[in-house]
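Shown next, in structure tokens, is the structure this report addresses.
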Amino acid sequence: MGAGMGYGFGQRRGGQLPVELTSFVGRTGELAALHAELARSRLVTLVGPGGVGKSRTALRAARAVTDRFADGVRLVELSALHDPELVPPTLAGVLELPEQSGMTPLDAIVEHLRGRRMLIVLDTCEHLVDACAMLCDVLLREAPGLSVLATSRQPLDVPGERSLPVAPLARADAVDLFTQRAAAVTGGRALDGADREHALALVDRLDGIPLALELAAVRLRAVPLSELVARLDRHCEVLTGGRRTALTRHQTLRAAIDWSYDLCTPQEQLLWARLSVFAGSFGLTAAERVCAGGAGDLGGEEVVEALIGLVDKSVVQRLGEDGGRYRLLDTIREYGAGRLAKTEDAEAVRRRHFAHYEELVGRFWDGLVGPAQVPLHHAVRAEIADVRAALEYGCATEGRAVDALWLATRLGAYWRAAGTLSEGRYWIDKGLGPVQQDSPVRAWALFMTGVFGVWTADLETALDRFPRALDLARRVGESRVELFSEGYLAAMTVLGGAVEEGMAALDAVRARMVAADDALGIGVVHYEGALLYGALGFTDRALEWCESGLAYLEGRGERQLYGSTLTVQGVILWLVGRPEESAVALRRGLEAASEIGEVLVAALATLGLAWHAAGQQRYVRACWLLGYAEHARRLGGDPVGMLPRLLEEQEAQQRAVRAALGDEPYERWREAGARMSGRELLDAVGADADEPPGVPAVRPGTADGRPVDPLTRREREVAALVTRGLSNREIAERLVISKRTVDAHVEHILAKLGITSRTEILAPAQPEGTSTA
């Protein structure tokens, strides 16, 4: 939502297909075969060596078949991912599916995809082939409308898979590609007759491998084509010991990359090797901090020059509209990593990489309750592939597990905002394994996973982790963890039924937080305490806590706790019958949450706004808002699931909206809401729309367009008598039924019409043949 919600792990938001930056050449036969195969088979894998053009071909094909899939095409880029356990959460992130209590990410994906017609492109599977195979096997069995297009250096080996080999380009296409890229380098000069012969020789020598041809074309800036071919021939003879035997395709690509490497300056060569530590894209500052220094004396100034040189040579790609970020293609990164491993300072470069992302996370943690919070959330989201690489390094390196554990723990607010608490829990638990000795870091980690339990309605984890965190915090003198844990344990006591005892403890914790001026603690205790009190019926106290929390946070530039508090205030105002004030607070909460892309708060705010719409008899609006909220948090996936009062309200509103719209339109509008992106939701809420823009209109009505009356014949009779001022006992006598039956009818009428008072019942139109006399 907003500028951030719904980003997956370092993925394009919602997995949209990227724009092609250079022309696409050839592949007519492969694309035709691929189109036909996608119509016949639900899993198609493009198989071929590195650098042959699998990804480009897959994306071109996916674009062409978009209209076959009502729910669109999603791209999942796997090259920056190394841990097989993170494949399902990564896909869940691309599909914008936040965490759900008691559901693994894989279960949530299956649930989401069951009724959808969608194509998922899994790009670069070879290093995660077993995890990708398992994922495809489950999803294709469970979701009949799903198709998968994968790219890999080897087949996935799943039943029903069709493998299509991607060979190097045919000779004419290869010459065409080389000519186009050469023209881009030489200012558009066409190849003449002699050049054409040289181009054919070059294409043959490079075996038509697109990446090798693109790297070669860049050389034309420095040397003429004839010289280029002669140099390449000499290079290949060295590789084959002077024999003119054919190289394998892998060797040919390796030769082309070697050759590119040899033509780089020593500084460029060093930088190429060091840049291979970046898992995702990176900015100039990161490149300077991680790659400067050490053996070879690469200074900060030289990093900039060498980076410009590598961009010119097509070794490094520039990304983004402003060109402020860079990345290496996978094949180029692998080559660089091989070179880095042979240098003395490989470990020093990895340490500097870890330190750079550790510093980012440190700033994130220190800036949680201040004006830098929003940009820091966005920074972590943009860098998550490398934050993950740093976590992997820390977990795998002797003596660094405690640093990795502290890194993962301090990202708690990020994991929640991004809706990826299961990944956060995965890294914290992975770090807790080796870090057994008592330490403040271990206390924080136990505490943070307890909080994750509260946020996902996983009380078992919460009740296990908080007491352990409290005990350890007392032993090591970590007073903040001690105080925070006491606060959550007080809330657990209240939920367990010892209400007075728990409330007294929670009040004491709040007072100590205020006395200590602990900004994070003050922000959290007020809104989480208020939600608990409001749901238990202590609404005056809840609203007072909201006011105190908002007054404390006002003007700090912080949005996550502020948006959470406004949202809780809005929900409680609704419960106490102040709908208009409630809607204002919920809208403001939603806007604040959207600035950092906070999924959990946005879902709760949307839920409250759905209730408000139902109260205004705007049932279509209520329905798609409910659809979004349920999809974003499948109730029970957030604190609402632990609070019966909110759950009852939710179920009553669902019944009222369904009764008002009828089953078929209810399902259709709810589904429309579930499919909305965070940005679409925010726009539609902001515009106060009854129907979200771009969603096909579905109006409640019968086949001939007359409005559906949600009331049964008997309910219409009762409603007509209510509007005439009769009491339930009088109605019972008039209709010769028991008073208890009339009570039930009136309750149903109120629920179906989404109203709370019998005075709001309007006389329904009487169908012919009925009489209230």
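The values are calculated or read from the model by the stated rules, or taken from the named source; none is laboratory data. Just so it is clear, the structure is predicted and the values come from calculations on it, not from any experiment. Positions of Cβ are generated from backbone atoms using ideal geometry, with glycine treated the same way; all protein chains shown enter the neighbour counts. When the accessible area is computed, the model is the full protein with side chains, heavy atoms only, and any ligands, DNA or RNA have been set aside. Shrake-Rupley method; radii C 1.70, N 1.55, O 1.52, S 1.80 Å.
Quick rundown of the values:
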{"quantity": "Any hit, region 393-400, residues being modelled with pLDDT under 95 and in contact with a Gly (Cβ under 6 Å, 6 or more places away or on another chain)", "calculated": "yes"}
{"quantity": "Residue among 486, 482, 501 that is more than 25 Å from residue 600 (Cβ to Cβ), at pLDDT 95 or above, in a helix (DSSP H, G or I) and open to solvent by 20 Å² or more (accessible area, probe 1.4 Å)", "calculated": "482"}
{"quantity": "Output for region 386-401, where each listed residue is surrounded by fewer than 24 Cβ atoms within 10 Å (Cβ to Cβ) and out of contact with any Cys (no Cβ under 8 Å at 6 or more places or on another chain)", "calculated": "389, 392, 393, 395, 396, 397, 398, 399, 400"}
{"quantity": "Scope region 549-598; condition without any contact (Cβ under 8 Å) to a residue 40 or more places away in the chain and charged (D, E, K, R); matching residues", "calculated": "554, 578, 580, 581, 588"}
{"quantity": "Given (1) touching a Ser or Thr at 6+ places or on another chain (Cβ under 8 Å); (2) free of Cβ contacts under 8 Å to residues at least 60 places away in the same chain, number of the condition residue 483 does not satisfy", "calculated": "(1)"}
{"quantity": "Complete set of residues in region 144-161 that are in contact with a Leu (Cβ under 7 Å, 6 or more places away or on another chain), within 16 Å of residue 121 (Cα to Cα) and either small (Gly, Ala, Ser) or open to solvent by 40 Å² or more (accessible area, probe 1.4 Å) (or both)", "calculated": "147, 150"}
{"quantity": "Test: residue in region 106-114 that is out of contact with any Phe, Trp or Tyr (no Cβ under 8 Å at 6 or more places or on another chain) and in a loop (DSSP other than H, G, I, E, B)", "calculated": "yes"}
{"quantity": "Residues that are within 13 Å of the chain's Cα centre (by Cα) and under 21 Å from residue 154 (Cα atoms), drawn from region 46-76", "calculated": "75, 76"}
{"quantity": "Residue that is surrounded by the most Cβ atoms within 10 Å (Cβ to Cβ) [pool: residues in region 179-232 that are outside any helix (DSSP H, G or I) and small (Gly, Ala, Ser)]", "calculated": "208"}
{"quantity": "Of all residues making up region 402-432, the number that are over 27 Å from residue 591 (Cα atoms) and either open to solvent by 10 Å² or more (accessible area, probe 1.4 Å) or among the acidic types (Asp, Glu) (or both)", "calculated": "8"}
{"quantity": "Pairs, first touching a residue at least 24 places away in the same chain (Cβ under 8 Å) in region 655-674, second β-branched (Val, Ile, Thr) and surrounded by fewer than 18 Cβ atoms within 10 Å (Cβ to Cβ), C-beta under 7 Å, six or more apart", "calculated": "662/708"}
{"quantity": "Residue in region 713-746 that is most open to solvent (accessible area, probe 1.4 Å), counting only those that are assigned to a helix (DSSP H, G or I) and touching a residue at least 40 places away in the same chain (Cβ under 8 Å)", "calculated": "713"}
{"quantity": "Selection within region 132-177 - in contact (Cβ under 8 Å) with a residue 60 or more places away in the chain, among the β-branched types (Val, Ile, Thr) and outside any strand (DSSP E or B)", "calculated": "158, 166"}
{"quantity": "Considering residues of region 359-385 that are crowded, with 21+ Cβ neighbours inside 10 Å and of a type in the set (D, E, K, R) only, the residue nearest to residue 414 (Cα to Cα)", "calculated": "381"}
{"quantity": "Region 14-56, subset on the phi > 0 side of the Ramachandran plot and part of a helix (DSSP H, G or I), residue surrounded by the most Cβ atoms within 10 Å (Cβ to Cβ)", "calculated": "15"}
{"quantity": "Per-region count, region 462-479, residues at positive phi and open to solvent by less than 40 Å² (accessible area, probe 1.4 Å)", "calculated": "0"}
{"quantity": "Count of residues meeting criterion [open to solvent by less than 10 Å² (accessible area, probe 1.4 Å) and in contact (Cβ under 8 Å) with a residue 24 or more places away in the chain] in region 489-498", "calculated": "1"}
{"quantity": "Residue within region 76-96 that is part of a helix (DSSP H, G or I) and farther than 18 Å from residue 419 by Cβ present", "calculated": "yes"}
{"quantity": "Any hit, region 103-125, residues being touching a residue at least 12 places away in the same chain (Cβ under 8 Å), farther than 22 Å from residue 675 by Cα and open to solvent by 30 Å² or more (accessible area, probe 1.4 Å)", "calculated": "no"}
{"quantity": "Residue satisfying condition, being in contact (Cβ under 8 Å) with a residue 24 or more places away in the chain, over 21 Å from residue 408 (Cβ atoms) and within 28 Å of the chain's Cα centre (by Cα), within set 446, 536, 459", "calculated": "459"}
{"quantity": "Every residue from region 640-654 that is within 14 Å of residue 459 (Cβ to Cβ), open to solvent by less than 20 Å² (accessible area, probe 1.4 Å) and either in a helix (DSSP H, G or I) or at pLDDT 80 or above (or both)", "calculated": "640"}
{"quantity": "Residue under evaluation residue 530, criteria (1) over 27 Å from residue 573 (Cβ atoms); (2) crowded, with 23+ Cβ neighbours inside 10 Å, criterion not met", "calculated": "(1)"}
{"quantity": "Number of the exception - residue 398 against (1) free of Cβ contacts under 8 Å to residues at least 40 places away in the same chain; (2) outside any helix (DSSP H, G or I); (3) within 24 Å of the chain's Cα centre (by Cα)", "calculated": "(3)"}
{"quantity": "Cβ-Cβ under 8 Å pairs, at least 6 apart or on other chains, region 295-320 side within 15 Å of residue 222 (Cβ to Cβ) and open to solvent by less than 30 Å² (accessible area, probe 1.4 Å), far side charged (D, E, K, R) and assigned to a helix (DSSP H, G or I)", "calculated": "309/268; 310/268; 315/268"}
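For every residue, the table says whether it meets (1) touching a helix residue (DSSP H, G or I) at 6+ places or on another chain (Cβ under 7 Å); (2) at positive phi; (3) of a type in the set (Val, Ile, Thr).
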position: 108; (1), (2), (3): yes, no, no
position: 114; (1), (2), (3): yes, no, no
position: 129; (1), (2), (3): no, no, yes
position: 157; (1), (2), (3): yes, yes, no
